[in-house]
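To start, the structure under review is shown below, and the notes come after it.
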Amino acid sequence: MRKNDIIELDITAASSEGAGIGRYENKAIFVPLTAIGDRAKIRILRDKKNLAFGKLEELITPSANRCEPDCESFSKCGGCVWRHISYDAECEIKENKVYEAMRRIGGIDMKPQPLIRASDTERYRNKAQFPISEDGSVGFYATHSHRVIPTPDCRLQPQVFSSLSSALKEWINKTGVTVYNEETNSGLVKHFYLRNADATGELMAVLIINGDNIPHRELLISLLREAAGENLKSVQLNINKKNSNVILGEKNILLYGKEYIEDILCGVKVRISPLSFYQVNRTMAEHLYNKAQEYAEPQGKNILDLYCGAGTIGLSMAKDANSIIGVEIIPDAVKDAIVNAKENGIENAEFICGDAAKAALQLKKRGIKPHAVIVDPPRKGCEEALLNTVARDFCPERIVYVSCDVATLSRDAKILETLGYRLIEYTPVDLFPRTAHVETVALFLKLSLPDGK
Ligand code: SAH
């Protein structure tokens with residue numbers, strides 16, 4: 001098999017990034033935009049030792065799972081990977097992905113609980129960070145690139161984001177304000193960042209700039225307000241003069257309204273600032289948190305909530321628990337967590353700003369003995385040192401692991417099993433329909449040793 005060869009292939013599996021996979025001459029061939037059950041003509045684009053990458057040339061027999069993609073930008077922008085198959089088929093792939101990762105990487109052959117399906121597969125996102133193209137249109141980066149694909153209306157986001165984006169374009173075109181160019185590191189406006197609090201309708205718009213200020217502020221504010229109406233509660237600038245892949249800088253300047261918006265999550269009023277992490281799918285985050293609560297059994301217990309963001313998981317359990325301690329590295333998120341506790345009249349929660357592994361050592365020195373530890377790390381998972389401290393020093397009865405990357409969850413599950421914990425149950429939750437991402441929540445219990453340790 002060589003580059004540019006055309007082969008006939010049966011697609012029998014899906015990769016964790018959403019490409020279809022077929023086997024040919026004992027090699028796995030990865031083909032984006034195919035579906036399990038397709039028979040197709042594939043052009044080989046790259047042939048490596050054990051695998052190859054191809055492009056769909058012609059469908060011979062389409063899979064029964066296929067449906068008509070309903071977005072013009074599908075296959076061009078790097079957002080959705082599955083608008084060409086049914087949601088049922090997508091859920092099956094996600095369940096299988098989670099199971100296979102736990103089996104292969106974690107070495108634990110246990111089927112997950114049925115995936116908790118998204119109640120809505122459209123317009124579920126409450127956050128967008130749009131790059132801006134030269135003419136002022138917002139869009140998304142093409143897959144694996146920084147080329148902006150103008151996306152007038154993304155079906156994963158609320159329609160009002162499109163209205164706000166058009167208002168920004170109008171402001172850029174009317175004022176001649178320059179758009180940032182990565183190659184020359186020049187130009188002013190870099191990204192447009194929008195947040196929407198689902199339960200209250202409050203909206204935040206943040207313009208990320210390569211500079212200290214913008215001209216024609218008043219015009220921008222009035223165009224944005226015209227586009228979004230009363231719900232627009234916050235307009236801010238974010239300063240980021242670095243030429244890097246990190247979108248947000250550290251400094252925000254308030255242009256209009258208040259510095260945050262407020263949402264309600266699991267009955268808790270939550271303050272969201274530009275730099276704080278907040279789950280992008282509020283409705284499904286409630287399902288995720290309910291499952292975490294079921295696993296943690298917080299009634300009357302002391303709970304440690306590591307990687308706590310704005311404190312939301314711990315606070316959702318605070319009324320049942322004896323005490324909550326949250327740990328988070330971003331100072332603004334910790335400030336939000338403290339305010340969130342106060343605003344909700346929660347007095348049994350404490351928040352610490354710092355690295356989870358280091359803070360865990362300090363808490364150990366304080367003699368803290370949580371009954372349950374919740375961890376919700378970013379994609380890279382937990383540091384081994386942290387898992388050691390949790391398992392060896394805190395030895396909680398329960399560890400609840402909330403994960404946005406099942407590969408690192410599986411890696412860490414293997415470590416926890418060597419530290420005297422056993423995976424009891426795990427549940428995938430679909431917070432990101434139409435994309436290849438899936439959230440998983442897992443329950444580990446401490447094994448009771450025969451000598452009563
Ligand atoms: N539990 C929260 C946030 C989860 S996202 C929620 O459900 O909303 C992961 C969080 O971990 C982010 O807020 C991120 O800022 C934080 N984080 C990343 N690295 C960290 C570290 N080393 N120590 C503590 N927190 C960290």
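In summary, the aspartates and glutamates within cross-link reach of residue 369, defined as a Cα separation below 15 angstrom excluding same-chain residues under 8 places away, comprise 305, 350, 393, 397. Here the residues 439, 100, ranked from fewest to most Cβ neighbours within 10 Å of their Cβ, fall in the order 100, 439.
Shape analysis of the chain places it in the oblate category; the axes a ≥ b ≥ c from the Cα gyration tensor give an a/c of at least 1.5, with a/b not above b/c.
Averaging the sequence gap over all C-alpha pairs within less than 8 Å and six or more residues apart, then dividing by the number of residues, gives the stretch 13-158 a relative contact order of 16 percent. Measuring between their Cα centroids, the stretch 228-247 and the stretch 46-108 lie 33 Å from each other. What number comes out for the charge environment of residue 15, summing +1 per Lys or Arg and -1 per Asp or Glu over other residues with Cβ under 12 Å away? Its environment carries a net charge of -1. All other residues whose Cβ lies under 13 angstrom from that of residue 324 are scored, Lys and Arg at +1 and Asp and Glu at -1, for a net of -3.
Assuming a ≥ b ≥ c are the square roots of the Cα gyration tensor eigenvalues, decide whether the stretch 39-141 counts as rounded (a/c under 1.5), prolate (otherwise, with a/b larger than b/c) or oblate. Could you put the intermediate results ahead of the total?
Working: a/c = 1.59, a/b = 1.18, b/c = 1.34.
Oblate, since a/c reaches 1.5 and b/c is not below a/b.
In plain terms, the residue of 295, 141 with the fewest other Cβ atoms within 10 Å comes first and the most crowded comes last, giving 141, 295. For the chain, adding -39500 (n - 2.57) for each run of n ≥ 4 DSSP H residues and dividing by the number of residues yields -7500 deg cm²/dmol at 222 nm. Of the cross-linked pairs 365/446; 27/242; 41/127; 3/190; 48/358; 169/251, those separated by over 31 Å at the C-alpha level are 27/242; 41/127; 3/190; 48/358. Going by neighbour counts of Cβ atoms within 10 Å, the residues 424, 221 line up, fewest first, as 424, 221. As an equivalent ellipsoid, the stretch 6-66 spans semi-axes of 17, 12, 9 angstrom, where each value is the square root of five times an eigenvalue of the C-alpha gyration tensor, largest first. Loop-only trypsin sites (Lys or Arg not before Pro) in the stretch 29-95, please: DSSP not H, G, I, E or B, and at most 11 other Cβ atoms within 10 Å. Listed in order of number, the matching sites are 48, 49.
Got the relative contact order for the stretch 6-66 handy, in percent, Cα pairs under 8 Å and 6 or more residues apart? Could the numbers behind the result be given before it?
Numbers: 151 pairs, mean separation 19.1, N = 61.
Computed value for the stretch 6-66: 31 percent relative contact order.
Note down the net charge around residue 365, summing +1 for each Lys or Arg and -1 for each Asp or Glu among other residues with Cβ under 12 Å from its Cβ. Computed value for this residue: +2. A convex hull fitted to the Cα coordinates of the stretch 227-371 yields 138 cubic angstrom per residue.
In percent, rounded to a whole number, the relative contact order of the chain is 12, using alpha-carbon pairs under 8 Å and six or more apart. Within the stretch 93-211, the proportion of C-alpha pairs whose separation exceeds 16 Å stands at 68%.
Every number in this text was worked out from the coordinates using simple rules, so none of it is lab data. The shown structure was predicted, so the numbers you read here are calculated from the model rather than taken from an experiment. Positions of Cβ are generated from backbone atoms using ideal geometry, with glycine treated the same way; all protein chains shown enter the neighbour counts.
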